[in-house]
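K.L.:
One structure follows; several queries about it will come next.
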Amino acid sequence: MIGALYRTMIKTNGKLMLYMGLGSFVIMAAYVALFPTIANQNMDQLLKSMPEGLLKAFNLSDGLNTLNGFLVAEFYSMIYLILLIVYSVLTANHLVSRLVDRGSMAYLIATPNSRLRVITTQMLFSLTGLVFISVCIVLGALVSDAWLIDTSMLEMDRFLQINVIGCLTFAVICAYSFLFSCLFNDERRALSISASITIIFLILDIVGKVSEDLDWLRNFTLFHAFDPAKISDGTVKVLPLSIGLAGASIFLFVLSAIIFKRKDLPI
């Protein structure tokens, strides 16, 4: 890793990471603080009148009577996904294809540092932001649960498992976005392909949850690995899933480094 380059990336791209982290902290804290009010309104009676497919699509099948279930339905089913999709895709694009497209990358590789060190530094920065946002989410829940609720309602083990699997899932998204960013010199092309694939994955996951006849579509989406409702229920084998996601992200990052090392860069 190149320390000077890493610090420069923090200065130039750190605002997105910081805003995403602080925003996630505030949103999560607000949801945790809101839960006692929602729980007292017996919202589960309302959910019983909704179609089963809709409940599955938005992770409402387990109801809203527990804090974990409430967060799964209200935060992890959509807000969490959108926040980390935006971060993962944009950051990978900014760290490689934008620099290549604008000619800045040529100056970086003209330094005594090898291409491998340059691209490794960019990868580490992208993962730093992902971990930072995940930690902010966890801290938001812990702080709000401890300070704003009389009795702790958070099932900590399952909550942490949700965040670990979520972070690893988006590490894969970050990795394949990084791959396209290394593969294409055109910033817009790299961004559009990464964003399109991720959005298609998200749509397939939602459609597969809505209809049992279309459940097979979820086999073709990465978001099938991140099912916060099942993780909260304890029906997911977290360790092998974590190893698989970590292995996939490492493979994609290594492939990205190989491509970047061998490609011809415009000056």
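K.L.:
Going by amide H atoms built from the backbone, whose H comes under 5 Å of the H on residue 155, apart from near neighbours?
P.N.:
68
K.L.:
Could you tell me the number of lysine pairs in region 3-262 with C-alpha atoms less than 14 Å from each other, where the two lysines are 8 or more residues apart or belong to different chains?
P.N.:
Close lysine pairs under the 14 Å cut-off: 4.
K.L.:
Please work out the ratio of the alpha-carbon Rg of region 3-262 to 2.2 N^0.38 Å and round it to two decimals.
P.N.:
Working it through for region 3-262, the quotient is 1.08.
K.L.:
Hey, if you put +1 on the Cβ of every Lys and Arg and -1 on every Asp and Glu Cβ in the chain, which of 255, 200, 265 ends up farthest toward the positive end of that dipole?
P.N.:
265
K.L.:
With label points built 7 Å along Cα→Cβ from the Cα atoms of residue 10 and residue 255, find their separation and express it in nm.
P.N.:
3.2
K.L.:
Moving to a separate point now. Please name whichever of 95, 68, 24 sits farthest to the positive end of the charge dipole of the chain, dipole taken about the Cα centre and charges placed at Cβ: Lys and Arg +1, Asp and Glu -1.
P.N.:
95
Rule-based calculations on the coordinates, nothing more; no lab input. A quick note: this is a predicted structure, and the numbers were derived from the prediction, not measured. Using ideal geometry, Cβ is built from the backbone for each residue, glycine included, and neighbour counts are taken over all protein chains shown.
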